[in-house]
Amino acid sequence: MATQEAELSGVFAALADPIRRDMVARLTVADATVTELADPYDISLQAVSRHIRVLQDAGMVTRGRDAQRRPVHLQAKVFDLMTKWIERYRRQAE
């Protein structure tokens, strides 16, 4: 249980940043490269890579290899973890 709590803490910490939340929202539509993810932001590719690294460390995304592309892929299982936590407390609050 402690491992699950640590994982959940990492996910919520990663989602504390609005750029990372936006990246997650965009990745629900399709995988994207770092360059594609960086497009709407006025920050460096290096900064975008750091945001992706935080999401990776939280287990929210993985990096693949597709020929010359290295797409970032959202891990849907993380939503299950968050949903279970939210539902548990939502039921208690009702």
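In segment 24-44, the residues that are touching a residue at least 12 places away in the same chain (Cβ under 8 Å) reach residues that are part of a loop (DSSP other than H, G, I, E, B) and open to solvent by 50 Å² or more (accessible area, probe 1.4 Å) with C-beta atoms within less than 8 angstrom, at least six apart or across chains, in these pairs: 33/70; 34/70. Evaluated against (1) modelled with pLDDT under 95; (2) surrounded by 13 or more Cβ atoms within 10 Å (Cβ to Cβ), residue 26 falls short on exactly one condition, (1). Whether any residue in segment 72-93 is open to solvent by 30 Å² or more (accessible area, probe 1.4 Å), among the basic types (Lys, Arg), at pLDDT below 95 and outside any helix (DSSP H, G or I) is what I want to check. So far as segment 72-93 goes, no, none of its residues is open to solvent by 30 Å² or more (accessible area, probe 1.4 Å), among the basic types (Lys, Arg), at pLDDT below 95 and outside any helix (DSSP H, G or I). When the residues of segment 44-64 are filtered to those that are exposed (fewer than 14 other Cβ atoms within 10 Å of the Cβ) and of a type outside the set (S, T, N, Q), the one that is farthest from residue 79 (Cα to Cα) is 45. Answer yes or no as to whether residue 14 is open to solvent by less than 30 Å² (accessible area, probe 1.4 Å), out of contact with any helix residue (DSSP H, G or I) (no Cβ under 7 Å at 6 or more places or on another chain) and over 18 Å from residue 66 (Cβ atoms). Considered against the rule, which asks whether it is open to solvent by less than 30 Å² (accessible area, probe 1.4 Å), out of contact with any helix residue (DSSP H, G or I) (no Cβ under 7 Å at 6 or more places or on another chain) and over 18 Å from residue 66 (Cβ atoms), residue 14 comes out as no.
Scanning segment 43-71 for residues that are polar (S, T, N, Q) and not in a helix (DSSP H, G or I), we see that the one that is farthest from the chain's Cα centre (by Cα) is 68.
Here segment 48-71 is the region considered, the condition is being out of contact with any helix residue (DSSP H, G or I) (no Cβ under 8 Å at 6 or more places or on another chain) and among the polar types (S, T, N, Q), and the residue that is modelled with the lowest pLDDT is 68.
The values are calculated or read from the model by the stated rules, or taken from the named source; none is laboratory data. Note that this is a predicted model, so its numbers are computed, not measured. Cβ: placed from backbone, ideal geometry, glycine included. Neighbour counts: every protein chain shown. SASA here: full protein model, heavy atoms, side chains in, ligands and nucleic acids out. Shrake-Rupley method; radii C 1.70, N 1.55, O 1.52, S 1.80 Å.
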